[in-house]
Each structure stands twice: as structure tokens, then as C-alpha cells.
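In what follows, a structure is listed as C-alpha cells, so that the remarks can point back to it.
Nothing in this text is a laboratory measurement; each read-out follows from the coordinates by a stated rule. Fair warning: this is a prediction, and the values are worked out from it, not measured in the lab. A quick note on method: Cβ atoms are made from the backbone with ideal geometry, for glycine too, and the neighbour counts reach across all protein chains shown.
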Amino acid sequence: MLRRLKLDNILFLDIETVPQHQHFSELNELTQELYAQKTAYQRKDEIMPEDFYERAGIWAEFGKIICISVGYFTMKGDVRQFRLTSFHGDEVKILKDFKVLLETHFNRPHHLLCAHNGKEFDFPYIARRMIIHGISLPFKLNLFGKKPWEVPHLDTLELWKFGDFKTFTSLKLMAHVLGIPSPKDDIDGSDVRNVYYENKDIDRIIEYCEKDTLTVAQIFLRLRNETLLEENEVITL
């Protein structure tokens, strides 16, 4: 079934998120209380909400998007290229620019979005942040009233599960077991908050996000039993 999909109809993506503020103390009293309630099920009794705030970026209600990287194939006969680009800066601008991309280049019924754990994280996170900022949802993210088979989303984690919903397989682990070369990164997901707020190095985060987007595409190729992208086939815009 996957082999029937045209690669150039798929937009591969990854997002990076951080807490809305650097410090818990910057939240108003009500937001602090709501964060404590939201995280109570994950925190042990001795862990205070302020000590757990570094993880706030995983929730759209308390986090924000600092980068969306996208990649897409261009096909000319047997020649293929994979083009990467990123949206970063002010979150509202990131979301609006990403929406423009969807509405101008990936707005047809046959177009699909693909991410790793995208159905549980990337796609709903983007949609929630758009709603919070008063941005109307683009067609590809507006799932209200859609039947499961009408949702235009692919998820490499879901594809790997083959109906088994008991475990989670990280992008890094999937790449490893599928023999996908992974360049050595100087950061991982747990470092993004510190790199953003303390080091203020968005370029490192963009590079990390783009590598993950490329890895999602490589995994998709392996799931189709196709050859992996070579370095000369990848173009960063």
C-alpha cells in the first residue's frame, strides 16, 4: 500500500518545542496552579512543579514551537532530490508561514503530512498552538468530523507498530535498527530547552530538527523497501 503513494505528494516534518518561558516564576499564579494540576500524574510527590517546568515544552498549553522543519521530494524521471527548509523565529510567524506552505503547495486531497509520532505530538501540537494564537486551521490540520481513513496524516511510528500499541519506538532506535546512517549530533531532544534559553543558539536547533526530518523520510523509504537518500540528493534551502 505504501508503494502506491507518490513520494512528491508527501510533506515530511518535525517540530522542536520549549517551555513558553525560561523560568516557572515567570508564569502567573493561575498558570502555575494549572501546570501543577496538569503534571501531577507524572511528578512524584517530592518533585515540585517548578522543578518539573523544564519539561513544559511537551504540552501545547504550556510550551511553544521554536522550529518547524519540512522536507519534500522532487522527482524528475529516475532522478530524485529531497529538499529541506525550516521555519523559525517568532512562533506566530512560524505557524503562519507553515500554514501558507500547506495552503499553497500541499493543499490537494492526495497530499499527505508525515512525521514520527506525528499523530500524537507534532500534528495536534501545531493545531493547538494555531488555535491558541487565533490562526484558522489549514485543511490538512483540521480533523473535525473526519473519519480515520480521511485523515491526511502518515506516522512512521504507527506504521512500525503494525497494530501493536503497547510500546513506543523512538526515531533514533528505528533509524538504528533499519540501518539508516545517523550523523553524530551534539544535542538531542532533552537539550533543546537549554540550547534555546541558555545558549541562545537557534542554528544548532534548526540543524537538529532538519536531521530528524531527513531521518523520517529515510525511514519511510525503508518501510517501502527503497534505497536510502545519498548525501548528494539532499538539498537544504
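Extension gain for Glu233 to Arg108 (0.36 nm times residue separation, less C-alpha to C-alpha distance): 42.4 nm.
Here the spin labels are modelled as points 7 Å beyond Cα on the Cα-Cβ line, and at Arg224 and Lys76 they lie 1.9 nm apart.
Dipole check for region 81-237: with +1 at the C-beta of Lys and Arg, -1 at the C-beta of Asp and Glu, and the Cα centre as origin, the magnitude is about 720 Debye.
Taking 20 Å as the straight-line reach from the Cα of Lys93, the aspartates and glutamates in range (excluding those fewer than 8 positions away in the same chain) are Asp14, Glu16, Glu61, Glu103, Asp122, Asp201, Asp203, Glu207, Glu210. Placing unit charges on the Cβ atoms only, positive for Lys and Arg and negative for Asp and Glu, gives region 19-100 a dipole magnitude near 780 debye about its Cα centre.
When DSSP beta bridges are restricted to pairs lying wholly in the chain, around 70% turn out antiparallel. Here the extension length gained between Lys44 and Thr167 equals 42.0 nm, from 0.36 nm per residue of separation less the Cα-Cα distance. Extension gain for Lys119 to Ser182 (0.36 nm times residue separation, less C-alpha to C-alpha distance): 20.3 nm. For the chain, the longest principal axis of the Cα atoms and the long axis of helix 202-223 meet at an angle of about 50 degrees. Note on Val92 and Asp191: their simple-model spin labels are 3.3 nm apart, each label 7 Å out from Cα toward Cβ. Separation of region 71-142 from region 166-237 is 17 Å, based on Cα centroids.
From helices alone, the chain scores -10000 deg cm²/dmol at 222 nm; the rule is -39500 (n - 2.57) for each run of n ≥ 4 DSSP H residues, then divide by the residue total.
The charge dipole of region 99-153, taken about its Cα centre with unit charges on the Cβ of Lys, Arg, Asp and Glu (plus for the first two, minus for the last two), comes to roughly 80 debye.
Ranked from largest, the principal axis spans of the Cα set of region 1-91 equal 60, 31, 17 Å. A dipole drawn for the chain from +1 and -1 charges on Cβ atoms has a positive end, and of His88, Cys209, Leu178 the residue lying farthest that way is Leu178. Peptides 140-149, 60-69, 123-132, 11-20, ordered by how many other C-beta atoms sit within 10 Å of their residues on average, highest first, read 11-20, 60-69, 123-132, 140-149. Protection proxy ranking, highest mean first, for peptides 173-181, 209-217: 209-217, 173-181, where packing is the per-residue count of other beta-carbon atoms within 10 Å, averaged.
Among 84-93, 109-118, the peptide with the highest mean count of other Cβ atoms within 10 Å heads the list, and the full ranking is 109-118, 84-93. Each listed q (0.11, 0.19, 0.21, 0.22 Å⁻¹) maps to a log10 I(q)/I(0) for region 72-192, found by the Debye formula over equal Cα scatterers with no solvent: -0.48, -1.37, -1.47, -1.48. Label-to-label distance, Ile135 versus Arg83, with points set 7 angstrom from Cα along the beta-carbon direction: 2.1 nm.
Rounded to the nearest Hz, the phi-derived 3J(HN,Hα) couplings of region 75-84 under the Karplus curve 6.51 cos²θ - 1.76 cosθ + 1.60 (θ = phi - 60°) are 10, 10, x, 8, 8, 10, 9, 10, 9, 10, where x marks glycine and proline. For the chain, taking the reciprocal of the average inverse distance between every pair of different Cα atoms yields a Kirkwood hydrodynamic radius of 18.9 Å.
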